[in-house]
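Notes follow once the structure below has been shown.
What follows is calculated from the coordinates using simple rules that are stated; it is not laboratory data. All of these numbers come straight from a predicted model, not from anything done at the bench. Cβ atoms come from the backbone with ideal geometry, glycine included; neighbour counts cover every protein chain shown.
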Amino acid sequence: MRNRLTALGRSHELRLAVIAILFAVFFSFTAPGFCSLGNLKDLLESQAVLAIMAAGLLVVLIAGGIDISFPAIAAVSQYLVASLILRPGGNWALAFLLAGGLGLLFGLVNALLIHGLKAPPVIVTIATMTFYFSMLMFSTKGAPLYDLPDWFTAKIAVLTVPFPVIVAGVILAATAFLLRRLSLGRQIYGLGGNPEAAKRMGCNIARLQFFVYGFSGTMAGIAGLMQAHRVEEVVPNALIGRELDVLAAVVLGGASLAGGAGSVSGTLLGIALLAMLRNGLTLLGVSSYSFGAVTGLVILLSVSATALAQRRLRRKGGSHGSA
Amino acid sequence: MDERAPCSGPSRPATPSAAVTAGVELTGISRRFGGVQALSGVDFTVRPGEVHCLAGENGCGKSTLIKILSGVLAPDSGQIVLDGSAHARLSPKISQSAGIQVIYQDLALFPNLTVAENIAFHQHVGRVWQLVPARALRRTAEAVLARLGLSLPLDTLVQDLPIASRQLVAICRALAVAARLVVMDEPTASLTHQETDALLATIRSLKSHGIATVLVSHRLDDMMKIGDRVTVLRDGANVGTFAMNEMDRHRLGELITGQKRTAATIKTRFTGTAPPVLAVRGLTCDGQYANIDLAVRPGEILGLTGRLGSGRTELALSLFGMNPPDAGEILIDGRIVRLPDNRAAIREGIGYVSEDRLALGLIMPQSIAENTVVTVLDRLCGPLGLIDHRQRGQTIAHWMGELQVKTATAERPVRELSGGNQQRVVLAKWLATKPRVLILDSPTVGVDVGAKAGLYRTIDELAALGLAIILISDEAEEVLQMAHRVLVMTNGRITGSFQPADVTEDQLREAINA
């Protein structure tokens, strides 16, 4: 019994949930309007795009990789989809197919570079991010697209739940299923936990790499589409800088930059926590310039926590067998 | 899609009919790496269900042979017969589907997955969109454990297991596929005697299921205890294959090194009268060790033994400033010192050669030279803080000669050296700091018999130069042979103090494992 309790206490998700509840209580008392239905709905909807991208990044991180390029992929595929099919006569199925397909393509390019050249994923994806963004700004001169068709910008909601939230929900559920219940997902955990072991066990490493980066790209494409739907316009540089917000949420949710760890539920809580923090600060009248500081601190703290845990483990490892 | 042998049912032992009729036969295997002939015309046959030891010094070709058996390397010439069909080379796929499983020294487990999932991980491989067969995974793990008469916590993450249990997980995983030959590379190197005995019992149980084991080891005792036959390699060639019951320990040692071994001499009581250079009073570190008193004089070799986890490594780290104690005193020359970090310890003249030389002792990709002087760079600096290359060269040449590191040039990366030579470079690195106390933590783990003798000689010479030496080891034989005095640690306390002349190896083992 005591054992089970300590295991529960050690669960990262549970701790996050407790903190999230404390936050919610704090802000609902101090920030007027925080607890209003309208605010919560806004909050949820504004995080949907981030959550979709987070699903992609989570899978990459668990596999022991990292992807910085997804906002750029989202921006580019968003723009391409908007200029290609977002005209009267298009439809949602085609839009999803094209956005996801373009994202997938860009993701596979990342995988090709990372797997083929054995290049460090941070560098590769920073480079592709810079390249895609720059090419987008260069060719569009930063001009936004406003005249999106009505079928695309019309607000859809099921039982008052906005469309992007539904899409994010489906994607997160599918990601959780993939990671926990499919052989592919378990191999992704294995790859992140010990790449050498995964290789020796006969896992198809190339396939896993192409899958995770392709998945991240696809999610980015869909996230870009949802973003355009939500704000009813396509602004080329709207997503610049979002990569660190997503990274902060995912690592806060327990994903390790060293690979092998992370969960969808943790990621959700990470997103919720950061969103509440930002929203609460806004309602309290704190300048939005402070959000970057929050993001930076969260990443630093999460990384330090992981490093400290590893050091403890090493120290424990020095006396292995003591139990 | 499915590229591996089907895992037929959770626990079926290797098809017994095949195991009885066919073994694995390697004949005339040669393999060259650049200018080095790693193997020349080696024969190696494993009969079904036998325990076949593979012995030889580091660099004799054992690991090359194993890699050829596992299909990772192709031989230049020779023939491999599996189930009556001859192959010029194997691939990992062929090797595994013939029931050959290799457990490498690093175990290759997934620390972030549970014991059950690690054991049954094969069932994921080659599948993509299929559902995880959670129940089947668990049943497989349970069945393998039951077969070996082991119990492991199935839902615990492997990273939370002690090292000995991890070893068992690796063995279980090898058996979760229809293995009929399990190759274990140095499985006992990091295990205590009790854990080793448990592992040997597991090997016996494999044998009773008709599964053959190839045991690669440096520990003669283990091989003598468990082996049916032993193949000895030296310099890439067969010395021969012998029945173990016709073999004795000394002869085996001689076959491995190719040298006559002189009987080990036991040291007499230490007679030096100089005051202790290092002393410890009531040293305590919560949760690790408590109330430790010890003293070591110049020229004395103090043996410190105990099981892994007895607190000996933690104590050593405290003496080296890397694990600050909670209470008690450390005295250098009778003067109380604080050692908040290892730089303070180095300043006080304490050197520490870690247990895990590969992880902690050496910067593997850097040259022997760089590794030797890394601890003393500040002393080699000229007035402007630039490194004095003449002095650097002298220091390196001095210690390479003193310790007889076998290499053409000190500019070779350390990772290319054999284990024994690496151990010498670590020693050189610390001796360059001109220490007065040298702490050696399990210096001969993974070092072969010949290199061991060389290291022992070096340790004796260092003591004769007036160094105080603390030798940590879990091999009773080693501390008895090397130390003037032996302290035994159990559960963080010193529970015994022995003069080597007054105690037998068995009595000391008894005290360690009490």
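Annotations
- Exposure here means at most 12 other Cβ atoms within 10 Å; with GluC sites (Glu not before Pro) in a DSSP loop as sites, the longest stretch of chain B lacking them is B:4-410.
- The distance between label points at A:I19 and B:K434 comes to 5.2 nm (points 7 Å beyond Cα on the Cα→Cβ vector).
- Annotation: extensible slack from B:D83 through B:A237 equals 52.9 nm (criterion: 0.36 nm per residue apart, minus Cα-Cα distance).
- Within 10 Å of each Cβ in A:253-263, the average number of Cβ atoms from other chains: 1
- Both radii come from the Cα set of the protein assembly as shown: Rg as radius of gyration, Rh as Kirkwood radius; their ratio Rg/Rh reads 1.02.
- Linear extension gain, B:E510 paired with B:L384, 0.36 nm per residue minus alpha-carbon span: 39.6 nm
- Normalised by residue number, the volume inside the convex hull of the Cα atoms of the stretch A:130-207 is 174 Å³ per residue.
- Cα point-scatterer Debye curve for the stretch B:178-288, base-10 log of I(q)/I(0) at q = 0.10, 0.15, 0.18, 0.24 Å⁻¹: -0.49, -0.81, -0.98, -1.44
- Cα-based reach from A:K155 at 20 Å (exclusive), listing lysines while leaving out same-chain residues under 8 positions away: A:K41
- Per-residue ³J(HN,Hα) for the stretch A:183-192, Karplus 6.51 cos²θ - 1.76 cosθ + 1.60, θ = phi - 60°, Hz, x for Gly and Pro: 4, 4, x, 5, 5, 5, 4, x, 4, x
- DSSP beta bridges fully contained in the protein assembly as shown are about 55 percent antiparallel.
- With a Förster radius of 25 Å applied to the C-beta separation of B:V374 and B:E461, the computed FRET efficiency comes to 0.60.
- Around the amide H of B:V214, modelled in the peptide plane, lie the amide H atoms of B:H52, B:V182, B:V183, B:M184, all under 5 Å away and 5 or more residues distant in sequence or on another chain.
- Fraction of antiparallel bridges per DSSP, the stretch B:158-300 only, in percent to nearest 5: 70
- Spatially proximal lysines relative to A:K118 (Cα-Cα < 21 Å; intrachain offsets below 8 disregarded): A:K199
- Unit charges on C-beta of K, R, D, E only; dipole of the protein assembly as shown, Debye: 460
- DSSP beta bridges in chain B [antiparallel fraction, %, rounded to 5]: 55
- Residue by residue along B:158-165, Cβ atoms of other protein chains within 10 Å of the local Cβ number 4 on average.
- Net +/- balance of residues flanking A:A72 in space, Cβ distance below 12 Å, scoring K and R +1, D and E -1: -1
- Within the shell of other residues whose beta carbon sits under 13 angstrom from the beta carbon of B:A116, the net charge comes to +2, with Lys and Arg scored +1 and Asp and Glu -1.
- Taking 23 Å as the limit for the C-alpha separation, the pairs B:K67/B:K429; B:K67/B:K93; B:K225/B:K452 exceed it in the case of B:K67/B:K429.
- Helix-only arithmetic for chain B: the sum of -39500 (n - 2.57) across DSSP H runs with n ≥ 4, divided by the residue total, places the mean residue ellipticity at 222 nm at -9500 deg cm²/dmol.
- Helix content alone sets the calculated 222 nm mean residue ellipticity of chain A: runs of n ≥ 4 DSSP H residues at -39500 (n - 2.57) each, divided across all residues, give -25000 deg cm²/dmol.
- Reduced Cα scattering model of chain A, Debye log10 I(q)/I(0), q = 0.08, 0.10, 0.12 Å⁻¹: -0.38, -0.60, -0.86
- Rounded to the nearest 20, the Cβ-based charge dipole of chain A about its Cα centre (Lys and Arg +1, Asp and Glu -1) stands at 1540 debye.
- Chain B pair-distance distribution - Cα-Cα, 20 Å bins, rounded %: 21, 51, 27, 2
- Karplus (6.51, -1.76, 1.60) ³J(HN,Hα), θ = phi - 60°, over the stretch A:96-113, in Hz, Gly and Pro reported as x: 4, 4, 5, 4, x, x, 5, x, 4, 4, 4, x, 5, 4, 4, 4, 4, 5
- The HN-Hα couplings worked out from phi for the stretch B:155-169 by the Karplus form 6.51 cos²θ - 1.76 cosθ + 1.60 (θ = phi - 60°) are 9, 7, 5, 4, 5, 8, 8, x, 4, 5, 5, 4, 4, 5, 4 Hz, whole numbers, x standing for Gly and Pro.
- By average C-beta atoms within 10 angstrom, highest first, the peptides A:282-289, B:118-125, B:90-97: B:118-125, B:90-97, A:282-289
- Projecting the Cα atoms of B:A143, B:M244, B:L233 onto the dipole axis of the stretch B:100-259, where Lys and Arg carry +1 and Asp and Glu carry -1 at the beta carbon, places B:A143 farthest toward the positive end.
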